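Peer 1: Okay, here's the structure, questions in a sec.
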Amino acid sequence: MNRTRRPATRHSVTVEIAGEKHVLRSELPPEDTRAIAAHVDTTLRGLPGYQTLEPFRAATLAALSITDELFHAREELRRLREEIARRTAELASILEEAGEDDAAKRPRTAPRRG
């Protein structure tokens, strides 16, 4: 069966970043677009000397700051995945040993003859 993909619904959302209104079109839910824009705005306004920076420089510094957050989040995610894999392997080993111990304690019965 040939399935064609329906184009995702695009939403127009008006946001304010650094005091300027922008109309953004996105496939994300509007509340996600607003949250992202709010994060960009907060990052911009949190820059040292924000009021005196040229807009392009402020946007560049905000992009660098947000990218730094992304890289740290990716590293933390990688570390957590490794921790989960390590703990899963430990638990599997413990369960395997417990299963072997249980099997060794069970009395052996003769196979049934039919």
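Peer 1: What is the number of the single condition among (1) of a type in the set (A, V, I, L, M); (2) at pLDDT 95 or above; (3) touching an Asp or Glu at 6+ places or on another chain (Cβ under 8 Å) that Ala8 does not meet?
Peer 2: (2)
Peer 1: Now for a separate question. Go through region 41-83 and report how many residues are assigned to a helix (DSSP H, G or I), under 24 Å from Gly19 (Cα atoms) and more than 16 Å from the chain's Cα centre (by Cα).
Peer 2: Residues in region 41-83 being assigned to a helix (DSSP H, G or I), under 24 Å from Gly19 (Cα atoms) and more than 16 Å from the chain's Cα centre (by Cα): 19 in total.
Peer 1: Residues in region 31-40 that are out of contact with any helix residue (DSSP H, G or I) (no Cβ under 7 Å at 6 or more places or on another chain), under 16 Å from Glu20 (Cβ atoms) and hydrophobic (A, V, I, L, M, F, W, C): how many?
Peer 2: 3
Peer 1: Mind listing whichever residues of region 51-97 are loosely packed, with under 10 Cβ neighbours inside 10 Å and β-branched (Val, Ile, Thr)?
Peer 2: Thr52
Peer 1: Go through the residues of region 104-112 one by one and say whether even a single one is part of a helix (DSSP H, G or I) and of a type outside the set (Ser, Thr, Tyr).
Peer 2: Checking region 104-112: at least one residue is part of a helix (DSSP H, G or I) and of a type outside the set (Ser, Thr, Tyr).
The values are calculated or read from the model by the stated rules, or taken from the named source; none is laboratory data. In this text the structure is predicted, and so the values were computed from the model without any measurement. All Cβ positions, even for glycine, are placed from backbone atoms using ideal geometry, and neighbour counts span all protein chains on display.
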